[in-house]
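What follows is a single structure, written as structure tokens, with notes after it.
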Amino acid sequence: MFKRFKFLLTVLFSTLLTISVMTACNANQNAGSGSGSRTVTMATSADYPPYEYVDSSSGSQEIIGFDVDIAKEITSRLGYDLQIQNIDFNGLVSALQTKRADFVMAGMTPTPERKQSVDFSRIYYEAKNTIVARQGSNFRTTDALKGKTVAVQLGTIQEGVAKDLNEEKNLGLNIKPLNRINEIIQELKAGRIEAAIVEDTVAKGYVESNPDLEFNTIPNAGEAGSAIAFPKGSELTAEFDRVLGEMIENGKVEELVSKWFSTSVPAAK
Ligand code: ARG
């Protein structure tokens, strides 16, 4: 009888020991980096060099860019593995709402409307809008767009800017919302649209690789910065924002700005 009890006690003890060792290992993996840590999924619209684009030059088809470098730095410092998902810009907010992605980095601007559906980190980069058109068009102000066919990326603040020009300035633009920036550039080159509203650093890259195009910067009407977006109430928001804040403080973001924004990045033609 006593022997049996002793045996049971030994089994119980070793089971407990195994469980506690396993839990300790798990805790370790969550805290550290490398294999076994939690994978977080970032959704982006990789049509936006130098923020995010598919690296076709190396043949790897990897998504790279300013946002991707920031995401890699934050996730590695927090001990997460990073997975990137490429979807159209217009689907990004709903990818967060349906929890198909843990966060979005896509040069996304925090707007009051988006803030109703998702949470944002602090802003890490400020941009301006430009008018992109064929060489010689000379559209220097938004008034010059009166009555023109103008493309914008669907679901972006640029679409909002175009709508405001019609509502507030009565410019009578024929607005063409398209899913991807590449399509906008193609439509412009083919003469099917007369202009597009695109953010400055992105416009610069596309114009450099398409000498038949030009761009002119226009004053910002509303918000224009980029921030990281999260599903409402996500536990990632606070820790990501903290590391992002440190990266702004210690010059890491500045370093990445000069890495990606001062040299020409090969934009798709
Ligand atoms: N900043 C603009 C916005 O939030 C445009 C961003 C477009 N981003 C992209 N990856 N295509 O609406």
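The values are calculated or read from the model by the stated rules, or taken from the named source; none is laboratory data. This structure is a prediction, so every number in the text was calculated from the model and none was measured. Neighbour counts are summed over all protein chains in view; Cβ atoms, including those assigned to glycine, are modelled from backbone coordinates with ideal geometry. Note: accessible area is taken over every heavy atom of the protein model, side chains too, but ligands, DNA and RNA are not part of it. Shrake-Rupley method; radii C 1.70, N 1.55, O 1.52, S 1.80 Å.
Restricting attention to segment 230-247, does a residue exist that is under 30 Å from S117 (Cα atoms) and within 12 Å of the ligand (Cβ to nearest atom)? No - not one qualifying residue is present in segment 230-247.
If you take the residues of segment 110-124 that are part of a helix (DSSP H, G or I) and more than 15 Å from the chain's Cα centre (by Cα), which of them is nearest to the ligand (Cβ to nearest atom)? Among those residues, the one meeting the criterion is E113. Taking residues in segment 171-185 that are at positive phi and more than 11 Å from the ligand (Cβ to nearest atom), and partners anywhere that are small (G, A, S) and assigned to a loop (DSSP other than H, G, I, E, B), the pairs with Cβ atoms closer than 7 Å and at least 6 places apart or on different chains are G172/G147. Kindly indicate whether any position in segment 65-73 is basic (K, R), closer than 24 Å to T156 by Cα and more than 10 Å from the ligand (Cβ to nearest atom). No, the conditions are met nowhere in segment 65-73. Any chance segment 112-134 includes a residue that's out of contact with any strand residue (DSSP E or B) (no Cβ under 9 Å at 6 or more places or on another chain) and on the phi > 0 side of the Ramachandran plot? Checking segment 112-134: not a single residue is out of contact with any strand residue (DSSP E or B) (no Cβ under 9 Å at 6 or more places or on another chain) and on the phi > 0 side of the Ramachandran plot. Has segment 75-87 got any residue that is part of a helix (DSSP H, G or I) and closer than 14 Å to I228 by Cα? Yes: one or more hits.
For (1) touching a residue at least 24 places away in the same chain (Cβ under 8 Å); (2) within 12 Å of the ligand (Cβ to nearest atom); (3) open to solvent by 10 Å² or more (accessible area, probe 1.4 Å); (4) in contact with a Gly (Cβ under 9 Å, 6 or more places away or on another chain), each residue gets a yes or a no:
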position	(1), (2), (3), (4)
Y53	yes, yes, yes, yes
T75	yes, no, no, no
Q85	yes, no, yes, no
E126	yes, yes, yes, yes
R134	yes, no, yes, yes
A144	no, no, yes, no
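Listed by position, the strands (runs of 3 or more DSSP E) inside segment 182-265 whose residues that are open to solvent by less than 20 Å² (accessible area, probe 1.4 Å) and closer than 24 Å to V54 by Cβ number at least 2 are 195-199, 225-231.
Taking I228, is it out of contact with any Leu (no Cβ under 6 Å at 6 or more places or on another chain), over 25 Å from I70 (Cβ atoms) and among the β-branched types (V, I, T)? Judged against the criteria, I228 is not a match. Scanning segment 87-111 for residues that are open to solvent by less than 30 Å² (accessible area, probe 1.4 Å) and of a type outside the set (V, I, T) yields a total of 12. Would you pick out the residues in segment 96-109 that are more than 20 Å from G225 (Cβ to Cβ) and either within 13 Å of the ligand (Cβ to nearest atom) or hydroxyl-bearing (S, T, Y) (or both)? T98 - this is the single residue of segment 96-109 that is more than 20 Å from G225 (Cβ to Cβ) and either within 13 Å of the ligand (Cβ to nearest atom) or hydroxyl-bearing (S, T, Y) (or both).
For segment 186-203, the tally of residues that are without any contact (Cβ under 8 Å) to a residue 12 or more places away in the chain and within 22 Å of the chain's Cα centre (by Cα) stands at 0. What's the total number of residues in segment 61-73 that are open to solvent by 60 Å² or more (accessible area, probe 1.4 Å) and over 14 Å from the mean Cα position of the chain (by Cα)? Residues flagged as open to solvent by 60 Å² or more (accessible area, probe 1.4 Å) and over 14 Å from the mean Cα position of the chain (by Cα) within segment 61-73 amount to 2.
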